[in-house]
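Below is one structure, written out as structure tokens, with a few remarks after it.
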Amino acid sequence: MRYPRRRSCRGPSHSATPACKRSLTSISEHPAGVTITLRHTSRGAYDTARTVSNRQLDALHALAVASGTDLVWFTTPAQKQAFSDLTVRATKAIIADDQRAADDYRWYRSNWQDLQQHKDGITIDPSGQSGLIRAVSKLIPTTQQQNNDGRLSGTRDTQLPTAAAFGALTVTERGDRAQLLHAGRIWQRMHLSATVAGLALQPLCQICERADRESSAGLAPEFTDAMATMLSTGTHPVMTFRIGYPVSASLASPRRPAADVIHAWQNWSPSMNQTLHRCWAVALTGVVALLYLWIGVSAHGGQRLLGIAGGLLILAALAAAPRSRTAALVLLSVGALPLAVASWWSIVTPVLALLALLIGWSAVRNLGRPSPNIA
Ligand SMILES: Cc1cc2nc3c(=O)[nH]c(=O)nc-3n(C[C@H](O)[C@H](O)[C@H](O)COP(=O)(O)O)c2cc1C
């Protein structure tokens, strides 16, 4: 079997980056890894003449059983009807909620420029629509109203009635990020395994979406409670979906090139650390300078002068650091040390001088470096 060449792993010089080479090797060694390029969310009709066997459902269930997470199947006609009715109601509620519908629509990429700019979101190609509708939609932009109508009719008339079964991935703690992350990983494994078996999956998360909205907007828990009656007590759905055999091939969704993501991450992480470090060191040096000023203002005679001058010189060191590190260090030392020497018998001023030199040195070094590039 041949897979498309992953040009997205090419660096600027068009040679694969070492990180990419490593990850591609390990991915290709994994049994489900080779299906990554074949796995797509499948939103078209499923084959109603083919059932998904209990053995297949059990095999997927086995991937989901772990501490705190579980998978529930809805396979009987009554269960499927209850899930379908609730999903249609949730879809209507999402569309009727102007804010929510507008937020969803912002992800819709209706023209080529948008798509190339964002390289993410929802497009017409993987929507499961016929070739004719896809072609027309690319010529005539889709309005939010048309998008809403298409979502409701697609869900109600095609996706729900042709599903072989529905599933719900659950967690025991909705606020536990480790469980949520784990549920996401389970979903990915299930989707890859289903793809190997020729099965299609599609998240149908309208009920979860509504339940989240109810909790964040303080609405009556209509969908939260209705879904809870279909699950074991103490479990919460985080991903509801349908399964079946697809009748048509699914098309790919937009993706950012892996190289973009890897470069962004590589640049971002150290830059953020550097920026945080820089801010903390400068802020703490400023606090030490203020303490010098405060001691100066409260003292008398020579110590008053040394305190006030010390504080001002430490602030001057911060101001000078971007231009001359040497000048900044001289100002820092001249500002910090005299007060400590003049009042060596007190613990406070020598300790303060030590802090001024240590933290101030770090701040001066950081301010002397060029700004991190987060591009
Ligand atoms: C938490 C979550 C909820 C989702 N809900 C829906 C949904 O309700 N309907 C749908 O068609 N796709 C849903 N998706 C699928 C995404 O739209 C899809 O993964 C994305 O468009 C990328 O496409 P791909 O899976 O084909 O690569 C959901 C995905 C996630 C992770």
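Among the chymotrypsin sites (Phe, Trp or Tyr not before Pro) found in the range 76-182, those both in a DSSP coil and sparsely packed, with 12 or fewer other Cβ atoms within 10 Å of their Cβ, are Trp107. For the chain, the longest principal axis of the Cα atoms and the long axis of helix 144-153 meet at an angle of about 50 degrees. When both bridge partners sit in the chain, DSSP labels roughly 95% of those beta bridges antiparallel. Counting pairs of Cα atoms in the range 261-367, how many percent are more than 23 Å apart? Here the tail beyond 23 Å accounts for 32 percent of pairs. Using alpha carbons only, how many angstrom separate the centre of the range 303-325 from the centre of the range 41-83? If you average the Cα positions of each part, the centres end up 69 Å apart. The long axis of helix 348-367 is offset from the longest Cα principal axis of the chain by roughly 50 degrees.
Taking the Cα centre of the chain as origin and assigning +1 to Lys and Arg Cβ atoms and -1 to Asp and Glu Cβ atoms, the resulting dipole is close to 1480 debye.
Rounded to two decimals, what ratio of Rg to Rh does the range 25-255 give with C-alpha atoms and a Kirkwood Rh?
In the range 25-255, Rg relative to Rh is 0.95.
Taking all Cα pairs closer than 8 Å and separated by 6 or more residues, the relative contact order of the range 25-255 comes to 38 percent.
All of the numbers you see were taken from the coordinates with simple rules; none came from a lab. What you see is a predicted model; the values in this text were computed from it and never measured. Cβ coordinates were reconstructed from backbone atoms using ideal geometry, including for glycine residues, and neighbour counts include every protein chain displayed.
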